[in-house]
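Data first, discussion second: the structure below is written as structure tokens.
Each reported figure results from applying straightforward, stated rules to the coordinates on display, with no laboratory input. Remember, it's a predicted structure, so these values are computed and weren't measured experimentally. Positions of Cβ are backbone-derived with ideal geometry, glycine not excepted, and every protein chain shown enters the neighbour counts.
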Amino acid sequence: MKKKFIPLALASLGVAASAAAQTQPASKPSDPVVPQVTISGGRQDDMVERRNSTAGKQIYGREELDRNGDNNIGDVLKRLPGVTLGGRPGRGGEVRMRGLGSGYTQVLVNGERPPAGFSMESLSPDQVERIEIMRGPVAEHSARAIAGTINIVLRDGYQVRDIQVKASDRLEQGRHSPELSVTIPGKSGALNYTLSASLNVNRQHDSSKTHNTETDADGGLVKEQFLHSESAGTNKMLHLVPRLSYKFENGDTLNFQTFLMHQQGRSNATTSLDQPLPLLPAGRPGGPEYNLAQQRNDNDVTFLRGFGNWVHRLQGASKLDVKFGFGLGKRDSDSVRNQYDYGGALLDRFTDTDHTKDKSLNTGGKYTTPLGAGHLLAAGWDLEASNREQLRVSLDKDGKPQFADSGENLQADTRRVALFAQDEWDITPQWSASLGARWEGIRTTSDRSDGSIANTSKVFSPLLHAVWKIPGYEKDQVRASLTKSYKSPNVQDLIAAPALSRLNSATSPDRTGNPNLKPELATGLDLAYEHYLGRNGIVSISGFVRKIDDLIRRDLVQRQTELGLRWVSAPSNVGKARTSGIELEAKFSLAELMEDAPQVDFRSNYSRFWSNVDGIPGPDNRLDQQARQTANLGMDYRLKDIPLTLGAGYNWTPPIRTRVSEKQTVETSRKRVLDMYALWRFDSRTQLRISANNLLADDATGYNLVYANGLAAQAASLNPTYTQWSVRLETKF
């Protein structure tokens, strides 16, 4: 019954909201229209922009970003329709649309791909103006978006009028994590500027337990290990996001924005290993590699990304928008790991250093012009060049390299060229369509000690989006999209030096790359029905299908390496796959639908996904870690007599079980995340927010099973999660 409750509840919410809207007098829906324009600051309201977009686009502005007082953008995204996060609650993870991650979901910052190593946990919501979610690819952005695109637009300044200051502190397991953010807008003649800055210190502790076993063909236990790990660390992070906008006398506009992030991290970890079977001394063949391991990690990361564009008005309504940008990144990490036997004697010491530099330049442009009645033609280009230099050194206590390229300066260059064109066509007052195409070519080259590696991919993506506004029902419309999209292999999978496992086994293998990977190609169909409620409400149902060719999967093999016979995980193209799904959304305010109703806002969404991979036997031959279902429920209640707002959100994802190959099955536990907050407004400029995140604090468990070489290797893990309490003071000057 529990599995049926959430979708039925969401459906009933949508039906109730729609029925309530239809029972109101005809004059009621028009009441909130007037303030819709006055608060937009020259830009369409988020819901209006969503409704008028020909290609399906969901927009979430400052209201959604500020609602729960989240600490990072990942926490905001997990509540949005069809979006899930990998990893444990409170620790972030890979962003997934439609349950698909690992490159299927395209994440952009200001319309550009962020630098390598960028994560949602490194971006504060205070630095963001809005989030745009596009279910299907559009011509002006890369078509590397099989699951969809999430575009994070940094603080723009058009709605900022006052100096804003926010000071907060988070408490987890008695550890404090303070944060301070400031946004300063200004204007001098034709120059507008905004400076956003934030500084935070994150302190956290984690622990995990793992039980490894190996059984023979008769079910006899031949190996057993118990691992217990504890880690604690501190991360200090600084963000600077200045933005300049200058308007020339001829109407041209020049915008430039930078995003600077600097992070320092220090952590210590201790792992104990107990091996009852086989009962041999640590460090001996067949015995455990160690009994106790102590590791210290230091890392320094700096990203600098610049975005700019020049908008030139031409004759008539034509316009040329030329963009440019650059990226610089530097990551330095050092770790020392000491391993001891049962008597406390040093068995081995591993020293790992990694110095990586990333550089990129990009430019592009879009020319738009009316093309007859009801047509708007857009055409443009994108050019990008990036370079990575990586120096990795991994040595044991005797100074012996741990892999062939240790100490070699590895370089990789990527060149990307794209051309696109699209026609926005208002066919009739009810029908509009967008017909476009994008050609994109990517070439990656690398020089290594064992020779040069080159990989080239070229993809042509025709794109068709259409909207039908149902006659006689001005608040109802139907969307359809037919698109081609793709997923390109990432640089690490193409040319990466091996990532070594310190306890190598079938369930904990080394990882390496494959220079012969081809991009995955997908043909997609999207359908959606939308019914709009009041100013910011909607009830919608959508469905999608994707057929994927040249699917990339990691295979598990044993190889002879410099360190002996090792288990290695390597990617390869394995064949075809198919995924489909249904997504429901209901969002509305009771006060807009019923007279004398309390000031309560409801938000709910539910998604159901299916997938299967050809060539891998079932059951559970799904796309990598795709959840079967996910749901969100949320409510905000603004009290009338006192300036207090109460809110809560619940995120649910059931266990995920995936058969990765004929040999391997991986399972992760369910995820239930309950967040609550209370917001007290002292006046129009000052407010205090108290929040509790991950109140349920469920343990995260995992299970990895491998059948190979006549043995069954199993790894069962348990990772506790923790509740975070936070208080935030927000004020304006």
Using alpha-carbon coordinates, inclination of helix 2-22 to the longest axis of the chain, degrees
10 degrees
When the Debye formula is applied to the Cα atoms of the chain, each taken as the same point scatterer, what base-10 log of I(q)/I(0) results at q = 0.09 Å⁻¹?
-0.89
Treat every Asp and Glu Cβ in segment 61-180 as -1 and every Lys and Arg Cβ as +1, leave all other atoms uncharged, and give the resulting dipole magnitude about the Cα centre to the nearest 20 debye.
440 debye
Please report Rg over Rh for segment 65-156, where both radii come from the alpha carbon positions and Rh follows the Kirkwood definition.
0.92
Specify whether the C-alpha gyration tensor of segment 425-549 places it in the rounded, prolate or oblate class, a ≥ b ≥ c being the square roots of the eigenvalues: rounded for a/c under 1.5, otherwise prolate if a/b is larger than b/c and oblate if not.
prolate
Sparse-neighbourhood loop sites, chymotrypsin sites (Phe, Trp or Tyr not before Pro) in segment 461-522 - DSSP loop, at most 12 other Cβ within 10 angstrom:
Tyr473
Per the Kirkwood formula over distinct C-alpha pairs, the hydrodynamic radius of segment 161-285 in angstrom is 19.8 Å
With an 8 Å Cα cut-off and a minimum separation of 6 or more residues, compute the relative contact order for the chain in percent.
11 percent
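For an R0 of 22 angstrom, estimate the FRET efficiency from the Cβ-Cβ distance between Ala345 and Ser207 and round to the nearest 0.05.
Working from the Cβ atoms, E equals 0.25.
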Where does each of Asp75, Asp555, Asp405 land when they are ranked from fewest to most other beta-carbon atoms within 10 angstrom?
Asp555, Asp405, Asp75
Have a look at Thr444, Trp468, Gly82 and report the one farthest towards the positive end of the charge dipole of the chain, computed about the Cα centre with Cβ charges (Lys/Arg +1, Asp/Glu -1).
Trp468
Gained length - Arg681 relative to Asp555, 0.36 nm times residue gap less alpha-carbon distance
39.8 nm
Value at 222 nm in deg cm²/dmol, rounded to 500, when DSSP H runs of n ≥ 4 in the chain each add -39,500 (n - 2.57)
-2000 deg cm²/dmol
Tail fraction, Cα-Cα pairs, segment 635-733, threshold 20 Å, whole percent
58 percent
Student exercise, segment 455-553 dipole from Lys, Arg, Asp, Glu Cβ charges, in Debye to nearest 20
80 debye
Dimensions (Å) - segment 610-660, Cα atoms, principal axes, largest first:
63, 13, 12
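Please report, to one decimal in angstroms, the Kirkwood hydrodynamic radius of segment 495-583 built from all distinct Cα-Cα pairs. List each step's numbers first, then the result.
On the way: mean 1/r = 0.0605 Å⁻¹.
The Cα-based Kirkwood calculation yields 16.5 Å.
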Taking trypsin sites (Lys or Arg not before Pro) as exposed when DSSP calls them loop (any state but H, G, I, E, B) and at most 10 other Cβ atoms lie within 10 Å, what is the longest stretch of the chain free of them, the sites themselves excluded?
162-639
Tell me, in nm to one decimal, what length is gained between Asn573 and Leu199 on full extension, where the rule is 0.36 nm per residue of separation less the Cα-Cα distance?
130.3 nm
Got a sec? Which residues in segment 404-440 would a label at Glu389 touch, if it sits 7 Å along Cα→Cβ and we count backbone N under 17 Å?
407-414
If you place +1 on the Cβ of every Lys and Arg, -1 on the Cβ of every Asp and Glu, and leave all else neutral, what size is the dipole of the chain about its Cα centre, to the nearest 20 Debye?
680 debye
Hey, fewest Cβ within 10 Å first, where do His312, His239 land in order?
His312, His239
Label point distance in nm, Ala217-Ser119, each placed 7 Å from Cα along Cα→Cβ
4.3 nm
Modelling each spin label as a point 7 Å along the Cα-to-Cβ direction, I'd like the Lys663/Leu244 distance in nm, to one decimal.
5.6 nm
Roughly what would the spin-label model give for Ala648 and Leu695, points 7 Å off Cα along C-beta, in nm?
0.5 nm
